[in-house]
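The values are calculated or read from the model by the stated rules, or taken from the named source; none is laboratory data. Quick caveat: nothing in here was measured; it's all calculated off a predicted structure. Please note: Cβ atoms are built from the backbone with ideal geometry, for glycine as well, and neighbour counts cover all protein chains shown. Accessible surface is based on the protein model in full, side chains and every heavy atom, while ligands, DNA and RNA are left aside. Shrake-Rupley method; radii C 1.70, N 1.55, O 1.52, S 1.80 Å.
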Amino acid sequence: MFQIERLQMIRQMIREQKTVDVILLSKSLRVSEVTIRRDLEKLESEGILTRTYGGAVLNETLTVPSLVKEEEDAKRVISEQSKVLGELSASIVEDFDILFLDRGDSNLILAEKICSKNGVVVFTNSLDVLEIMRKYKNGKIILIGGSFDYSKNILCNFNSGVPFPDRRINKAFVHIQAADMENGIAVNDNEDAYLYAQLKSKAGSIVAIMEKPVFDKIGLYKVDDILGVDYVITEEGIPDRYKTYFYKNGVQLHQKFDL
Amino acid sequence: MIFTMAEVSKRYCDNVVLEHVSMKIEGGKVYGLTGDNGGGKSTIANIVCGVVAPDEGSLMMDGKRCINWNIKKAMREGVFLVAHETTMLPYLSVEENILLGINFVKRNPIWGTFIHRMKYKKKYKELLKRYGITLDTSVTSIRLSRSMQNIMELIRVQICNPKIVVIDEVDTNMDVDSQKVLDKIIKDLACAGSAIIYISHNLESIMKRSDVIGILVENQVIDMMDASAVNAESVMDTLLRLSKEKPPKILLRPQAMIFEMKHIHNTIIEDFSIEVREGEIVGILGLDKEGDASFTNILFQSKGVKFFRGKEVKIGMPQEAADSGVILLDANVIQNYMFMNSSIRENMLPYSILKKHLSDELLNEICRRYLKKLAITAGPEDKIEELSTGQQKKILIAKSILSEGEIYVFDRLTDNIDVISRIDIYNIINELKRNGKGIVLISNDFNEIFGISDIVYKVKEGKIIQKINNDKQNDKKLYR
C-alpha cells in the first residue's frame, strides 16, 4: 500500500474513532511502527491530528467567522462537548417555537440546526448567532438591542436604554456557570444575570445548558433556585444526586449517549 | 381489627421504593391501592404479609407491635397474600391445595388438625357451591386457568376466617366469569369482617370494588379517598398531577415506515394493528406481562399479517424477528435473557458478533466500549449478577443494540429499577430514535408512555381503544 492510500485510511479512521493507536495501525495496515509514526507526523503537519504517546487524537474544531473581523481574522473554536450539547438542544425545539439563545458556544450549533426547522423565531443578543442564522428564511431572527461589546461580540441590553423585548418566549436556552443544591444556579457575568431575570418572567420554559464542571460550584450572580429550570441539557458524569433531584422534581434531563 | 403501618420505608440498595408510608387498615373495609410502577404497591403487600421486612417504621396489629414479622407469624395472625403469581402446587389436586394451609392456621398437633380438616373441607365445598363453581376438585391444579387458580387461592384463604387479605394484581387478564366470582368473594370477606387490600392497575376495577382508594405516587401513599366521592378520571388526574417526574422528550420529523402489524388476533386480542416509523417511539398501554395479551404472544404466536419495509414477513420466533430486523427485549422475564452465573461479556455479546470468531482481546474491547457508552461501571469479566437490576437491563439494551436491528421492542423495560438507570435508559432510547430506529415501548406507566412516546396506543379488553398523537412537548392534558 502506498503512503497516500495509508494516509487516506488513517484520516478516515481518526475521523470515525477520534483516536488511533500506533500498534493497532501498524498491525492492520501491515507496515512497521516507524512507518506509521512518519505518517502521523505528516498528518499532524496538515493540522488534522495531534500526536500523543502511542498514537494520535483528532483535532476537533468547528470554526465560525466573527461578524467583526479582526487583524488575525479570529475564528471562534467550539469544543466537541458544545457540539453535543447544541445537538441535544436542537432536539427539543418544535416548529414555530419562539426561542431565546444566549451567547454560549453550544447555541451556535443550535442556531445551525434551527435553520432546518419551520417558522422558528429566535431572540438573541449574540452577533455570532445572528451571523449563523442570517440565511434562515423559514423564520425570524430578532436581535435584542443594546451597547456593542467587542470582546463578547454581543449587544449588551443592561443599562443601555433599549428595552428588553416584550414578547412571550417559549424556551430560553441559557448557559449556566455554576450549580449547587443549596445555593442554586449562577452565572459569572452581570449581563447574563440581567438577561436571566428578564427571561424568567417572560419565558415559558428555561432550558439550562450545564457542562459537567458546573456542578457543585458557586458562582458570582445567583439567578435562580436549582429547580427553577424546566429542562437541563448536560453531559455524562454529572453527580448522581443532581440527576435524581432534577428528575424527581419535574425537570426534563437530557444527556447524550453515543451509541 | 385494626392494623397500622407507621412511617414504613423500604429501599433496595440506593433505590428507595417506599418512603414514610403510613396506612390504617380496619376490618370490614376494602382498600384499593394503585399507582406507579416502581414496585411500591407490591412492596406494601409484601411488608403487610411478612414477606419482607421494612427498613424503617413499624407494624401494629390491634395495638400490639408486630415484632420480627414474617410469613408464618402473619398467617397465624390471619394475614394472607394472594398474588398474580399463583402458589398452587401444580401436581397436587385442587382439594389438596386448598386444604394445604390448615396446618398453618391451627397450631395444635395431630388430632386437632384432623378434626379441623373435616370442618374446612365442608366449608370450602359450601363456598364453591355458593359461587357456582362446578369443577372437579380431584384434578391436579395445573389443569386450571391462572384466573381459576387465583380464585381457589382466595377460597383457601377465605375458609380460614382471615383478618386481612391482600389481593395483588389478580384481576389482570381475568376472564369475565372469574371476575364475577372475585366480586362475590370480596363482598363476602368484607361482610365477615376481613379487611382487604386490593392492588390493581385497572382503575375501574378498583373503583368498583373498593371503599377507600389510596394512590401510591413517588414512593408515598397519598390521598386515601372515599371511593364513593370520586370517579376514575379524578383519580387518574390526581395520580398524574402528583407524579412530577418528566421523562426527557425529543422531537423529530416522522420518517419512512418500517414495521406494520395488521389485524393481529388471538383468544383475547381482537384486531390489533400498529405502525412504527423511523425515528418514532410508539407506546402501548394496557398489555399484559405474559399470556395471550402480552406483546410477545402478539408478535410471535397470533394470527394476522406483519410487514417490514412494505414486504410481508413471517415472524414465529425470536430468530425470525431478529433476521427481519425486529429486536425484542421482554424485560418481564429478564431471567430468560441472562446467564446469571456468567460474566457481563458473555451476556452482552449477541450471536451475530460471536459467530465472527474475533479474538478475546477484541471482544473485551467491544464490551468495554459499550459499558462506557452506557455508563455502566464494571468490567467485561465481572459477574452480571453483581449489578443492580437497572444496570443489568442496560447490558441487555447493549446486546440489543449490538444486534443491529431497525425496530427495538422494549417490554416493561423500566419496571423496578433505580432512578439513575431509568433516566439513562430514557436518554438511550432517545438516541436510538435520533439514529432513525423505530422503538416500541410496552408499559403500564402512563407518565412514562405519555412522557416519551410520539404515538400512544391504549389497549383495553383486547382491543385498541385509542390511538393518540403525542408529538408535542410533554403536555399532560393528553393523558385522557
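Using 1/(1 + (r/R0)^6) with R0 = 51 angstrom and r between the beta carbons of B:Thr377 and B:Lys119, what's the FRET efficiency to the nearest 0.05? That pair, B:Thr377 with B:Lys119, gives E of 0.30. Using a 1.4 angstrom probe on protein heavy atoms only, the contact between A and B buries about 2700 square angstrom of accessible area, both sides summed. A 1.4 Å probe run over chain A, with the rest of the protein chains in place, finds 48 Å² accessible per residue. Going by a ≥ b ≥ c, the root eigenvalues of the Cα gyration tensor, does the range B:319-364 fall in the rounded group (a/c under 1.5), the prolate group (a/b larger than b/c) or the oblate group? It comes out oblate by the Cα gyration axes. For B:Glu290 and B:Ile2, the difference between the fully extended length at 0.36 nm per residue and the C-alpha to C-alpha distance is 100.1 nm.
Placing R0 at 60 angstrom, the Cβ-Cβ distance between B:Asp188 and A:Ile23 gives a FRET efficiency of 0.20 after rounding to 0.05. Can you list the residues of the range B:392-432 that have at least 50 square angstrom less accessible area with all protein chains present than in their chain by itself, probe 1.4 Å? In the range B:392-432, residues shielded by partner chains: B:Val419, B:Ile420, B:Ile423, B:Asn427, B:Glu431. Could you work out how far helix B:360-373 tilts from the main Cα principal axis of chain B, as a 0 to 90 degree angle to the nearest 10? Tilt of helix B:360-373: around 70 degrees.
What lysines does B:Lys383 reach when the alpha-carbon gap must be under 20 Å and sequence neighbours fewer than 8 apart in one chain are set aside? Partners found: B:Lys372, B:Lys373, B:Lys393, B:Lys394, B:Lys399.
Ignoring ligands, DNA and RNA, please state the percent of accessible area on the protein assembly as shown from carbon and sulfur, probe 1.4 Å. It is 51 percent, rounded to a whole number.
Spread over its residues, the convex hull of the C-alpha atoms of chain A is 162 Å³ per residue. Which entries of B:Lys129/B:Lys463; B:Lys64/B:Lys184; A:Lys248/B:Lys41; B:Lys29/B:Lys246 show an alpha-carbon separation above 24 angstrom in the structure shown? Long pairs (Cα-Cα over 24 Å): B:Lys129/B:Lys463; B:Lys64/B:Lys184; B:Lys29/B:Lys246. In this label model, B:Lys29 and B:Glu386 are separated by 4.9 nm, measuring between points 7 Å along each Cα→Cβ vector. Computed extension gain for B:Ser228 through B:Val139, at 0.36 nm per residue and net of the alpha carbon distance, reaches 27.9 nm.
Sorted from greatest to least, the principal axis extents spanned by the alpha carbons of the protein assembly as shown come out as 105, 67, 49 Å. Label zone (B:Glu96, point 7 Å along Cα-to-C-beta; backbone nitrogen cut-off 15 Å) within the range B:114-157: B:137-144. The share of Cα pairs per 5 Å bin across the range B:59-212, counted from zero up to the longest distance, runs 2, 8, 18, 21, 22, 15, 9, 4, 1, 0 percent.
Projecting label points 7 angstrom from Cα along Cα→Cβ for A:Arg15 and B:Leu354 puts them 3.7 nm apart.
Spin-label model, B:Phe300 to B:Glu365: label points 7 Å out along the Cα-to-beta-carbon direction sit 3.6 nm apart. Under the shape rule built on the C-alpha gyration tensor, where the axes satisfy a ≥ b ≥ c, the range B:257-479 is prolate, since a/c reaches at least 1.5 and a/b is greater than b/c. The mean accessible area for residues of the range B:2-242, using a 1.4 Å probe and ignoring ligands and nucleic acids, is 47 Å² per residue.
Full extension of the chain between A:Ser116 and A:Val162 yields a length gain of 13.5 nm, computed as 0.36 nm times the residue separation minus the alpha carbon distance.
Between 0 and 90 degrees, the angle of helix B:232-242 with respect to the longest Cα principal axis of chain B falls at about 60 degrees.
Can you classify the range B:351-472 as rounded, prolate or oblate using the Cα gyration tensor, where a ≥ b ≥ c are the square roots of its eigenvalues, rounded means a/c under 1.5, and otherwise it's prolate if a/b beats b/c and oblate if not? Prolate is the answer for the range B:351-472, as a/c is 1.5 or above and a/b outweighs b/c.
On a 0 to 90 degree scale, rounded to 10, what angle separates helix B:176-191 from the longest Cα axis of chain B? Around 40 degrees separate the two axes. Taking every DSSP bridge with both residues inside the protein assembly as shown, close to 50 percent are antiparallel. Just so you know, the Cα atoms of chain B work out to an Rg and Dmax of 24.0, 75 Å. Farthest towards the positive end of the charge dipole of the range B:221-284, among the residues B:Val230, B:Pro248, B:Asn266, is the Cα of B:Pro248, using unit charges on the Cβ of Lys, Arg, Asp and Glu. Among the GluC sites (Glu not before Pro) found in the range B:400-480, those both in a DSSP coil and sparsely packed, with 15 or fewer other Cβ atoms within 10 Å of their Cβ, are B:Glu404, B:Glu461. From the Kirkwood radius over Cα pairs of the range A:91-207, Stokes-Einstein at 37 °C and 0.692 mPa s returns a whole-number translational diffusion coefficient of 227 µm²/s. Between B:Glu320 and A:Met1, the FRET efficiency estimated from the beta carbon spacing at R0 = 35 angstrom works out to 0.25.
Do the sum for chain A: with -39,500 (n - 2.57) for every DSSP H run of n ≥ 4, divided by all residues, what is the mean residue ellipticity at 222 nm, to the nearest 500 deg cm²/dmol? Using -39500 (n - 2.57) per qualifying helix, the result is -10000 deg cm²/dmol.
Under Stokes-Einstein, with the Kirkwood radius over Cα pairs as Rh, the value for the range A:141-219 at 20 °C and 1.002 mPa s is 157 µm²/s.
The trypsin sites (Lys or Arg not before Pro) of the range B:335-378 meeting both criteria, a DSSP state outside H, G, I, E and B (loop) and at most 16 other C-beta atoms within 10 angstrom of the site's C-beta, are B:Lys355, B:Lys356.
Sites listed here are trypsin sites (Lys or Arg not before Pro) in the range B:227-317 whose DSSP assignment is loop and whose Cβ has at most 12 other Cβ atoms within 10 Å: B:Lys314. Ignoring aspartates and glutamates fewer than eight residues from B:Lys122 along the same chain, the ones with Cα atoms less than 12 angstrom from its Cα are B:Glu95. Cross-link reach is defined here as a Cα-Cα straight distance under 19 Å, omitting same-chain residues fewer than 8 places apart; for A:Lys42 the lysines meeting it are A:Lys18.
Karplus-derived 3J(HN,Hα) values for the range B:439-453, using 6.51 cos²θ - 1.76 cosθ + 1.60 with θ = phi - 60°, are 10, 10, 10, 10, 6, 10, 8, 3, 4, 5, 5, 6, x, 10, 7 Hz; glycine and proline are entered as x.
Here chain A is treated with +1 on each Lys and Arg Cβ and -1 on each Asp and Glu Cβ, and its dipole about the Cα centre works out to around 600 debye.
Give the distance, in whole Å, between the Cα centre of the range B:63-86 and the Cα centre of the range B:117-185. Between the Cα centres of the range B:63-86 and the range B:117-185 lies a distance of 19 Å. When DSSP beta bridges are restricted to pairs lying wholly in the range A:80-255, around 30% turn out antiparallel.
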